[in-house]
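S.K.: Here you go, one structure.
Here, each number is a calculation from the coordinates, and none is a lab measurement. What you are looking at is a predicted structure, and each value in this text was computed from that prediction instead of being measured. Reconstructed Cβ throughout: ideal geometry from the backbone, glycine too, with neighbour counts over all protein chains shown.
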């Protein structure tokens, strides 16, 4: 996360425990790779994991986290002598501001830009042309709009404005938007990513039907930008550079846009719901979004991921669901065990049944989710819901249990069932956002 078009920084680099031993080198950063090339040695041997401090030629402090040495021990050459150069793969780069930080450093303020965010916001800024003065014409750009959301101890602000450029040909301005997050309790980078940045990226991905990631991230150790500006000092922003997540071929995605903020949705209500849901549904949501972030997967793999996502979601949201009435089930087990005289056979059967003998079958779970999806407005008849649950269950059995399903599933069947599973799960995710059946029905059936 924290993408960049590619940049290089010449500077001096050292280890925190040995600040007087400094080595010249070049730090290179791009969305695909971050490397540090040194004209000297900092690591004892290849594979060492280090934290490296530095100062760039333009005076920016830097901290490099999770640096892995890629260079073997120096070799002797009669022509060149001993080679002392080293190369490092860098995990995370903290650049500028007060960048003397580590993995456990906590930041109170984070500002993030997400790919695709202007499309999710669905806001097109405009400008008004002032009267000509001295043969000059000026354009007043519409001011920044802000939406404030409260979630626990974190104040979240979605800021939407216009870029400085303006195109007379299209008579429009480029929209720019970002999320600012201020926590009364400071958090590490990993905590900000886990609790807020990644959930927001998945929400944008769900809405747009294509992968979203953090394309720019800055943090502050303390205070806010306004607090620093009030006392007349520059804001000590720390720029965070990490790799982008795997998103597959350019332009790939899971389908057409599902919704934007121009639809009948309330971000102040929707975002906290989604952040809370993500904490409970992280694993099934991740399984679902792998089909979006890695669209080159085999169709059978995408299908199995979606089945697991559906089963995981059902376990989380239907925890009391049982295959049959618990009292009836207990009586059934008592009758079965009572009919077995050999204690070894009873012990064997108890081990085989375990504590899951009254768990609902996959077919029942899929039926429950299809019913929920129909309540959210998904166009699916009762007969189609039964056929959906039956077909998906058989196909899953064939793939997972070596062909024990009742029929052979063709490649085209997997593609069809994958789309059905996505639609059902999309309806489930919309229900987590608190959207009414009428609103979600319009979203789900917009492109049908």
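S.K.: If you take the alpha carbon radius of gyration of the stretch 283-444 and divide it by 2.2 N^0.38 Å, what ratio comes out, to two decimals?
M.R.: Here the answer is 1.20, to two decimals.
S.K.: Another question about this same structure. Quote the convex hull volume per residue of the stretch 288-348, based on C-alpha atoms, as a whole number of Å³.
M.R.: For the stretch 288-348, the hull spanned by Cα atoms encloses 129 Å³ per residue.
S.K.: Let me ask something else about it. Contour minus end-to-end for residue 397 and residue 332, with contour as 0.36 nm per residue of separation and end-to-end as the Cα-Cα distance?
M.R.: Gain on stretching residue 397 to residue 332: 20.8 nm.
S.K.: Here is a follow-up. In nm, to one decimal, how far is the residue 7 label point from the residue 122 one, both placed 7 Å along Cα→Cβ?
M.R.: Distance between the two pseudo-spin positions: 3.5 nm.
S.K.: With a Förster radius of 60 Å, plug the Cβ-Cβ distance of residue 264 and residue 343 into 1/(1 + (r/R0)^6) and report the FRET value to the nearest 0.05.
M.R.: About 0.40, to the nearest 0.05.
S.K.: Quick one: work out Rg over Rh on the C-alpha atoms of the stretch 191-312, Rh as Kirkwood radius.
M.R.: Checking Rg against Rh, the ratio lands at 1.05.
S.K.: Taking the mean number of other Cβ atoms within 10 Å as a proxy for protection, how do you rank 183-195, 225-237 from highest to lowest?
M.R.: The densest-packed peptide leads the list: 183-195, 225-237.
S.K.: So for 214, 26, fewest C-beta neighbours within 10 Å to most, what's the order?
M.R.: Taking fewest neighbouring Cβ atoms as first place, the list is 26, 214.
S.K.: Counting pairs of alpha carbon atoms under 8 Å apart in space and at least six apart in sequence, what relative contact order in percent does the stretch 283-444 give?
M.R.: 28 percent
S.K.: Moving on. Per residue Cα convex hull volume for the stretch 187-239, in cubic angstrom?
M.R.: Normalising the Cα hull of the stretch 187-239 by residue number yields 92 Å³.
S.K.: Computed FRET efficiency, Cβ-Cβ of residue 233 and residue 57, R0 35 Å: what is it to the nearest 0.05?
M.R.: 0.90
S.K.: Round to the nearest 0.05 the FRET efficiency obtained for residue 150 and residue 224 when R0 = 25 Å and r is the Cβ-Cβ distance.
M.R.: My answer for the efficiency is 0.95.
S.K.: Most exposed first by the Cβ proxy, i.e. fewest other Cβ within 10 Å, how do 296, 24 rank?
M.R.: 296, 24
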